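Where a number appears in this text, it was derived from the coordinates with a stated rule and is not lab data. Just so we're clear, the structure is a prediction, and the values are computed from it rather than from any experiment. Ideal geometry is used to build each Cβ from the backbone, glycine not excepted, and the neighbour counts take in all protein chains shown.
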């Protein structure tokens, strides 16, 4: 079934075998290096190019959503816009403000982009071994995605700009708050698939986990769209309040790198969602697994774009409360609901979970999800009526007296 | 060829090296363009001053930040460490509970319950409220 049709050999073992055949026995390590390098290079390039196309797609689609045109001058339907953008960014002056911490200022975009790339090393695009089949894949993904919090703080701190600092501090507070429910939702996936490897998560996913544990799916999508700080949660760079947040002082290529990382985030998130919750490359019929994977990722990508176009930005206190009082207890509830169901439903002798067990879990979890959604929406809806009176921030003139 | 364990991590290392090299290379190209004079490089005092909506900088250029971030950071550290304990438990839950029965589930419930008491305390103290 899965991916049997595509045996083109564009996996690690295929490339390694090719180079190993060319070289003498003692140069095994060189064949390993070359094969790994080619594969990594191909993946990173695919990611960069698809990000470039996605910037065009997102701007164009947002234009349609908001009844305006979007980029339409360069090439048919504005398709050459990403190239024009790159040329423009390349030819812009690269200013570094006086008093900025130059090393950290330069390092921040590199850290931001590199962590984005690194997550992709563990996404199994097809049933054959694409890059790495690390046995702690889920922990690796959480660890690497949390590094971009650090990159945002590096950028905001090193700029020595008030707006950049406010944006970075808000960003750090929001990103770390949403990291906990995200990690707990992934823990539920590890529980149901009994593995920490992204590859095994897909092979053990007879029924898509989106159906088995919808609560984990919704929590993950909400937390991930906060992690990539897009519109319902785009406090970090709320233009009307903060200039443009942590990258206020950036220009030229460094700014382009931040934009690259930010537009890459939805692609990475949709690939993770497709792997963890939509059973990855699994599909029906003779269609190869890679096609299924890309189709699922595209559906998630369009849904994320739809969220962005639909919802207005939330207030900062709403965001923090939603993370700590809404998503966090829900993710704990989901985790223990799944654990209890596994304990009760699976075969007591072999310990295996069959498909029908999974469907039973799905039925229970959908009921729980419905009840919980009603309860939480009632709780947050009542809150809306008692809105606190806005008072001027004590930060407004911070440092003015110090001079 | 390396055995499977080192092969996986070796590939990750190669990938990480390349992932750092690509943005570094992009910055280097941009810097080279500046050196060659293809893109402008004319810093002056106004251009290098920090952005503050067109005004001259008010007060010190380096502001502090609010204390409320501290409470969130503390609660985060608590629950992120908890997540580290949860992952090995979650991955081996099937195996462990076959061996030891319902005890595995109850023990983790007790552990989380203790942490949840701390979370409720933070809620009651108003540390989870953004003021």
Quick calc: nm separation of the 7 Å Cα→Cβ label points for residue A:46 and residue B:99 -> 3.9
Taking 0.36 nm per residue of separation and subtracting the Cα-Cα distance, what length does fully extending residue A:306 through residue A:53 add?
89.3 nm
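For residue A:373 and residue A:66, FRET efficiency with R0 = 22 Å and r from the beta-carbon atoms, rounded to 0.05? Intermediate results must be reported in sequence, preceding the final value.
On the way: r = 29 Å, r/R0 = 1.30.
Efficiency for this residue pair is about 0.15.
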Inter-label distance, nm, simple model (7 Å from Cα along the C-beta direction), residue A:380/residue B:42
5.1
Hey, got the average number of other protein chain Cβ atoms within 10 angstrom for residues in A:322-329?
3
Exposure proxy ranking, count of Cβ atoms within 10 Å, fewest first, for A:98, B:3
B:3, A:98
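Order these by the 10 Å Cβ neighbour count, fewest first: A:94, A:347, B:127. Numbers along the way, then the final one.
Values: A:94 21, A:347 11, B:127 18.
By the 10 Å Cβ count, ascending, the order reads A:347, B:127, A:94.
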Given the rule -39500 (n - 2.57) for each run of at least 4 DSSP H residues, summed and divided by the residues of the protein assembly as shown, what is its mean residue ellipticity at 222 nm, to the nearest 500 deg cm²/dmol?
-22000 deg cm²/dmol
The relative contact order of chain B, taking Cα pairs under 8 Å that sit 6 or more residues apart, comes to a percentage of 21
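For a footprinting-style exposure proxy, rank B:121, A:247 by other Cβ within 10 Å, fewest first.
Going from sparsest to densest Cβ surroundings: B:121, A:247.
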The extension gain from residue A:103 to residue A:27, computed as 0.36 nm times the residue separation minus the Cα-Cα distance, is 23.5 nm
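Kindly state, to the nearest 0.05, the FRET efficiency for residue B:106 paired with residue A:345, given R0 = 22 Å and r defined as their beta-carbon distance.
Details: r = 17 Å, r/R0 = 0.79.
Once the sixth-power term is evaluated, E becomes 0.80.
Averaged across the residues of A:113-124, what count of C-beta atoms belonging to other chains lies within 10 Å of each residue's C-beta? Walk me through the numbers on the way to the answer.
Numbers: counts 7, 9, 3, 2, 7, 6, 1, 2, 8, 3, 0, 0.
Whole-number average of other-chain Cβ neighbours for A:113-124 is 4.
If packing is taken as the average number of other Cβ atoms within 10 Å across a peptide's residues, how do A:269-280, B:28-39 rank, most packed first?
Values: A:269-280: 25.1, B:28-39: 13.6.
By packing density, highest mean first, the sequence is A:269-280, B:28-39.
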With a point put 7 Å past each Cα toward its Cβ, work out how far residue A:363 is from residue A:391 in nm, to one decimal.
5.5
Where the centre of each part is set by its Cα atoms, how far does region A:47-126 sit from region B:103-131, in angstrom?
40
